[in-house]
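Worksheet: the structure to be examined is printed underneath.
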Amino acid sequence: AHCKGLFFCVQEPFVADEYIERLAWRTPGGGSRGGEAFDPKRLLEEFVNHIQELQVMDERIQRKVEKLEQQCQKEAKEFAKKVQELQKSNQVAFQHFQELDEHISYVATKVCHLGDQLEGVNTPRQRAVEAQKLMKYFNEFLDGELKSDVFTNSEKIKEAADIIQKLHLIAQELPFDRFSEVKSKIASKYHDLECQLIQEFTSAQRRGEISRMREVAAVLLHFKGYSHCVDVYIKQCQEGAFLRNDVFEDAAILCQRVNKQVGEIFSNPETVLAKLIQNIFEVKLQSYVKDQLEEHRKSDAEQYLKNLYDLYTRTTNLSSKLMEFNLGTDKQTFLSKLIKAIFISYLENYIEVEIGYLKSRSAMILQRYYDSKNHQKRSIGTGGIQDLKERLRQRTNLPLGPSIDTHGETFLSQEVVVNLLQETKQAFERCHRLSDPSDLPKNAFRIFSMLVEFLCTEHIDYALETGLAGIPSSDSKNANLYFLDVVHQANTIFHLFDKQFNDHLMPLISSSPKLSECLQKKKDIIEQMEVKLDMGIDTLNCMIGQMKHILAAEQKKTDFKPEDENNVLIQYTNACVKVCGYVRKQVEKIRNSMDGKNVDTVLMEFGVRFHRLIYEHLQQYSYSCMGGMLAICDVAEYRKCAKDFKIALVLQLFDTLHALCNLLVVAPDNLKQVCSGEQLANLDKNILHSFVQLRVDYRSARLARHFS
């Protein structure tokens, strides 16, 4: 039991206190069990016995450790001895290996030397044997009768070809006068064998026997007719390959198939594949392109340009696919030359055809639109920007002479604009694809000039000129102000024009001197249109004229000097209601017609004129106390209307006018106090006086005394 306890303790981390406690617990009379009397002698005796057992166990373990150490030392010595013996054996083996290696090298040198000697002896012998055979075959040609099996057996055509090819080379070195006949026979046999080999190659290709084709091609490689063999292969490859309508797809599939096969047949596959591609381009594609383009070249420029763009694009796409194949060193230049050879006659004058078509097409689109409106275009002024500015400065009448009635037509069409931009977009795309890189910016500028001429000048500018001519005079009644509709549409159209400028023209000219030229041209167009829009400020005169007519027709003198001061039921006059309604419509129209700073500029001008009109209108009447209150209500309503302008100056003017109207109703004793208020203190005294004079009680001595 003690040994088991000790073993148990050894297996776990040893804790002395716990070990003593367990020993005491197991000992009867140790005092750890409940109900037992403590017996110190028995416990001491147990501890002494246990200590003796531990000492015995320690001695036994110590002897075992010493025995194991001795055994380990003995085995270590034996192992070291064995390692030394192995090292000695390894050194001996290494020495034997070196000796063997030297011996092998010596033998190999002797063998190589012997081989060279044998080869030196055998090579002349083989040449002599071969020369003897060739002399034998040459004698047969000389005798005029071919008896050798190699010439009579059709299955030995490969050996015959090798012999006849060598005899043909020898025959060329012989003098013609003595060996003309034999040379002729050898040449004839050479030609016959060459034809037989080509025929055999053709038959093997039709049967699809790649291995046989490879054998025959290898034999023909040393014959003059090898190129004819390649031509036959290329011709037969194309049989049945172009049966669909898409010649480009057929060509790509054919080249893909041949590329996989040609390396198994010919020793120079890249040359054969390049020759096939050259044949396809120079025969199939060139013929196809010519048929497609010549049909429309003189009769239908639109279809001609579409076909040219489509064919050139598909050809370059095919070229990109062919770049994957091994065609030699500079395949990019090779394919570019093939494409150029097909299209050079069409690309030389491409831009002239493009410009001619774009000009006629744009003119037709515009003319068709004006015809649909039963409108005969009038000639417009051709002066430059300075001329326009001078006309604006002098406020001359309209550029097209007397005012004309446009019947509400703006002469601007979104459909026309879309068609013109679409035609130009396609022209830019064709220009990018078909122009030489050195000519691209110049050609793109010419297309842009066409767009400017027909969209900006012939359509937008003409509509602005016509709109200016259609602005009614300021004293017209019930005038319709269509010029703002023209401005609105012109603004929308110009945004589309600007988008095409950035999206399609800029990439073509961004890195060329033409960029600054195009930007300047665009700037001139914008400035010219803005000048004409400024000239259209006369529209504001018409608006003010309309408001004058409303005020003249609706405002009564009794509005501000009612007969019954105590029975006024309205909050503001009918004239005020109609004027405010008209102004709000015009403000909304101006906002919809313009954008950017132009909106604020026009609204400020309109607001200032609106204020001047109301100011002068109020000066025409006399005001009783109740009439003055009504005038204040009218001006308050006008001020609400002025807030829609969202222009600080306009609102400030109406605030001041509202303060001036207070002078119509304020008590005489308070006049000086009101005049010195924040809004009126800085006004000229004559202005204040002019408003006070409008009061019906102005001539009373009391009022005059207080204002003096």
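Where does the charge balance sit around His459 when Lys and Arg score +1, Asp and Glu -1, over other residues with C-beta under 12 Å from its C-beta? Combined, the nearby Lys, Arg, Asp and Glu give -4.
Every Cα-Cα pair of region 241-290 was included, and the share exceeding 11 Å stands at 68 percent. In whole percent, how big is the carbon plus sulfur part of the accessible area of region 557-706, probe 1.4 Å, protein atoms only? Carbon with sulfur: 50 percent of the solvent-accessible area. Just to verify a number: FRET efficiency for Lys425 and Lys523, C-beta to C-beta distance, R0 = 25 Å, to 0.05? E between Lys425 and Lys523, to the nearest 0.05, is 0.65.
Each peptide in 507-519, 638-650 was scored by the mean count of other Cβ atoms within 10 Å over its residues; highest first, the order is 638-650, 507-519.
Rolling a 1.4 Å probe across all protein chains gives Cys72 an accessible area of roughly 80 Å².
Measuring only protein heavy atoms, the 1.4 Å probe finds Val696 accessible over about 80 Å². A straight line joining the Cα centroids of region 493-556 and region 289-309 runs 39 Å. Based on the alpha-carbon gyration tensor of region 39-130 and its eigenvalue square roots a ≥ b ≥ c, which shape applies: rounded if a/c is under 1.5, prolate if not and a/b is larger than b/c, or oblate? Cα axes put region 39-130 in the prolate bin. Label reach from Asp564 (point 7 Å along Cα→C-beta): in region 621-642, no amide nitrogen lies under 15 Å.
Over region 557-706, the ratio between the Cα radius of gyration and 2.2 N^0.38 Å evaluates to 1.13. Modelled spin-label separation between Arg378 and Ala681, with each label point placed 7 Å from Cα along the Cα-to-Cβ direction: 5.6 nm. Shown is the FRET efficiency for Ser449 and Ser320, computed with R0 = 25 Å from the Cβ-Cβ distance and rounded to the nearest 0.05: 0.15. If R0 is taken as 45 Å, the Cβ-Cβ distance between Lys557 and Met364 corresponds to a FRET efficiency of 0.15. Figure note: Arg212, Arg257 ranked by solvent-accessible area, largest first, 1.4 Å probe, ligands and nucleic acids not counted: Arg257, Arg212. Measuring between alpha carbons in the structure, the pairs from Lys235/Lys340; Lys585/Lys672; Lys306/Lys514; Lys340/Lys499 lying more than 30 angstrom apart are Lys585/Lys672; Lys340/Lys499.
Annotation: per residue accessible area for region 39-130 equals 93 Å², rounded to a whole number [probe 1.4 Å, protein chains only].
Compared with the alpha-carbon gap, the fully stretched path from Asp503 to Phe334 is longer by 57.5 nm at 0.36 nm per residue. In the complete set of protein chains, residue-level accessible area for Glu209 is approximately 70 Å², probe 1.4 angstrom. A crude spin-label estimate for the pair Lys81 and Ser516, with each label 7 Å from Cα along the Cβ direction, gives 10.2 nm. Extension gain, Arg63 to Lys578: 0.36 nm times the residue separation minus the Cα-Cα distance gives 172.5 nm.
For region 514-651, a crude dipole built from +1 on the beta carbon of Lys and Arg and -1 on the beta carbon of Asp and Glu, taken about the Cα centre, is about 400 debye to the nearest 20.
In sequence order, region 434-449 has phi-based couplings of 9, 7, 5, x, 6, 9, 4, x, 5, 5, 4, 5, 5, 5, 4, 4 Hz under the Karplus curve 6.51 cos²θ - 1.76 cosθ + 1.60, θ = phi - 60°, and Gly or Pro positions carry x. Label region 277-326 by shape, choosing from rounded, prolate and oblate, from the square roots a ≥ b ≥ c of the eigenvalues of the Cα gyration tensor; if a/c is under 1.5 it is rounded, and otherwise prolate applies when a/b is larger than b/c, oblate when it is not. Oblate, since a/c reaches 1.5 and b/c is not below a/b.
Compute the relative contact order of region 557-706 as a whole-number percentage, counting only Cα pairs closer than 8 Å that sit 6 or more residues apart in sequence.
Taking the mean separation of contacting Cα pairs over the length of region 557-706, I get 28 percent.
Using the Cβ of Gln70 as centre and a radius below 12 Å, the other residues enclosed give a net charge of +2, where K and R count +1 and D and E count -1.
The values are calculated or read from the model by the stated rules, or taken from the named source; none is laboratory data. Just so it is clear, the model here is predicted, and its values are computed rather than measured. No Cβ is skipped: glycine too gets one built from the backbone with ideal geometry, and neighbour counts run over all protein chains shown. For accessibility, only protein heavy atoms count, side chains too; no ligands or nucleic acids. Shrake-Rupley method; radii C 1.70, N 1.55, O 1.52, S 1.80 Å.
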